[in-house]
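Asks: There's a structure below that I have some questions on.
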Amino acid sequence: MEFQTLSQEHALCIADTWHYDGIYEFYDMTADPEDYAEFVDEIQRSKNDHYEALQDGALVGFFSVERQGATVELGLGLRPDLCGKGLGRTFVREIIAFLEAHYTYDALILKVAQFNQRARRVYQACGFRETGMVRQESNGGIYDFVVMEYQR
């Protein structure tokens, strides 16, 4: 898998055409106008580091890195047609390897919607442990998110 800075073309593709099935439609960029606007605007997106994941030249995922002091917060997404096919662990492990090679941090965290048991299992299998819960505004409401920290 190859990671490079997220291109505007791929940001628009992700935001406008990636649609998840069932309860996972929560993760569609179009579900949250504020997140959508930030993701498709190159200037707003530049506040954090955004990367695209390519496999054999095809866009398969993306991730973002937000630095908060000595903590790095990871956000990520796998292309919808690849979800649920056993690819999540490899995707997450390769992102972690990239982060360890290119970033310095004391803690690596991510937040996942409480209902997303599938992702929580993947993150746990990759070395993340649940460390708390936060209520966070998203998609026009307030939802519970599980905070997970990577254990090296």
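The values are calculated or read from the model by the stated rules, or taken from the named source; none is laboratory data. Note that the structure is predicted; figures quoted are calculated from it, not measured. As a convention, Cβ positions derive from the backbone with ideal geometry for all residues, glycine included, and neighbour counts pool all protein chains shown. Please note that ligands, DNA and RNA were not included when accessible areas were found on the heavy atoms of the full protein model with its side chains. Shrake-Rupley method; radii C 1.70, N 1.55, O 1.52, S 1.80 Å.
Asks: Percent of accessible area on the chain owned by carbon and sulfur, 1.4 Å probe?
Replies: On the way: 3830 of 8290 Å².
Carbon and sulfur: 46 percent of the exposed surface of the chain.
Asks: Report the relative contact order of the range 17-90, percent, no decimals, based on alpha-carbon pairs under 8 angstrom and at least 6 residues apart. Present the calculation step by step, with values, prior to reporting the outcome.
Replies: Values: 73 pairs, mean separation 14.5, N = 74.
It rounds to 20 percent for the range 17-90.
Asks: Quote the relative contact order of the chain in percent (integer), defining contacts as alpha-carbon pairs under 8 Å separated by 6+ residues. The partial results should precede the final answer.
Replies: Working: 222 pairs, mean separation 27.6, N = 152.
In percent, rounded to a whole number, it is 18.
Asks: Subtract the Cα-Cα distance of Ala97 and Arg135 from 0.36 nm times their separation in residues, and report this length gain in nm to one decimal. The partial results should precede the final answer.
Replies: On the way: separation 38, 0.36 × 38 = 13.68 nm, distance 2.92 nm.
Full-extension gain reported as 10.8 nm.
Asks: Scan the chain and note any complete DSSP helix (H) whose C-alpha atoms cover at least 15 Å along its axis and whose Kyte-Doolittle average is -0.5 or more.
Replies: On the way: long enough: 88-102 (21 Å, 0.39).
Passing helices, by number: 88-102.
Asks: Moving to a separate point now. How big is the accessible area of His10 in square angstrom, nearest 10, if you roll a 1.4 angstrom probe over the protein chains?
Replies: Roll a 1.4 Å probe over it and His10 shows about 40 Å².
Asks: Per-residue counts of other Cβ atoms within 10 Å, averaged by peptide: what ranking do you get for 67-74, 144-151, highest first?
Replies: Values: 67-74: 13.9, 144-151: 17.1.
Descending mean neighbour count gives 144-151, 67-74.
Asks: Hey, what number do you get for the chain at 222 nm if only DSSP H runs of n ≥ 4 count, each worth -39500 (n - 2.57), divided across all residues, to the nearest 500?
Replies: Details: 5 runs with 46 residues, N = 152.
Value at 222 nm, helices only, nearest 500: -8500 deg cm²/dmol.
Asks: Heavy-atom accessible area per residue, the range 42-84, 1.4 Å probe: how many Å²?
Replies: Values: 2070 Å² over 43 residues.
I get 48 Å² per residue for this part.
Asks: Still on this structure, please answer the following. Can you work out the FRET efficiency for the pair Cys13 and Asp106, with r the C-beta to C-beta distance and R0 = 22 Å, to the nearest 0.05? Please report the intermediate quantities before stating the final value.
Replies: Numbers: r = 34 Å, r/R0 = 1.55.
Rounded to the nearest 0.05, the efficiency is 0.05.
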